[in-house]
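Peer 1: Here it is, the structure in full.
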Amino acid sequence: MFLGERPRLVQRIRRIVDNEAEAEDLAQETFVKLWHRQPKDDDSVGLLYRTAHNLALDHLRAQKVRQRHQETAQAEEQDNAHPSPERVAATLERWGNLVAELDALPERTRRIFLLNRVEGETYAAIAKQLGVSISTVEKEMMRAMRACRQWQRRQEEE
């Protein structure tokens, strides 16, 4: 049945997807889908065409989703490449608020935080450098991270 209907099937799919290669692929996919299906009494040429039609429509829907995703990604990339003055100002204000939050921390806490998060130092290296225990470094980092989470919550509320 498939071999006899294949040329007309490909032609019908091509009218839907407007692409010969995709029509060939979808016709093959139709055949494979029906081949793996348990045969039933109501299997007919109509089932072949209905399956092909549904696969072609699914293909078009997926293509539209991919296109929308690509357009959204390009728009976001454009926005990030050329941010508006308002966006730059808002980012600078947020950055300033974070720096102020870090400046409000005790000196040792701020220094430990910056050594770890900016310089990439390990807790053990920081402890050795500052002459404190690793436990102290861990506690100071928890304090700094708590301050950062509080700052982040305030930013989300605004």
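Peer 1: When the chain is fully extended, how far beyond the present Cα-Cα distance does Arg12 get from Arg153, taking 0.36 nm per residue of separation?
Peer 2: So the chain would gain 45.2 nm between Arg12 and Arg153.
Peer 1: Same structure again: On average, how much accessible surface per residue is there in segment 1-130, in Å², for a 1.4 Å probe, leaving out ligands, DNA and RNA?
Peer 2: Result: 73 Å² of accessible area for each residue.
Peer 1: Just how much of His82 is accessible, in Å², when a 1.4 Å probe is used and the result is rounded to the nearest 10?
Peer 2: Spelled out: His82, probe radius 1.4 Å, area about 130 Å².
Peer 1: Hey, if we sort Glu86, Glu101 by accessible area with the 1.4 Å probe, largest down, what's the order?
Peer 2: Glu86, Glu101
Peer 1: Going by a ≥ b ≥ c, the root eigenvalues of the Cα gyration tensor, does the chain fall in the rounded group (a/c under 1.5), the prolate group (a/b larger than b/c) or the oblate group?
Peer 2: Prolate.
Peer 1: Cα centroids of segment 101-158 and segment 35-100: how far apart, whole angstrom?
Peer 2: Spelled out, the Cα-based centre of one part sits 39 Å from the other.
Peer 1: What's the carbon and sulfur percent of segment 80-158's accessible surface, probe 1.4 angstrom, rounded to a whole number?
Peer 2: After summing per-atom areas, the C and S share lands at 52 percent.
The values are calculated or read from the model by the stated rules, or taken from the named source; none is laboratory data. All values derive from a computational prediction rather than experimental measurement. Ligands, DNA and RNA are excluded from the accessible area calculation, which covers all protein heavy atoms including side chains. Shrake-Rupley method; radii C 1.70, N 1.55, O 1.52, S 1.80 Å.
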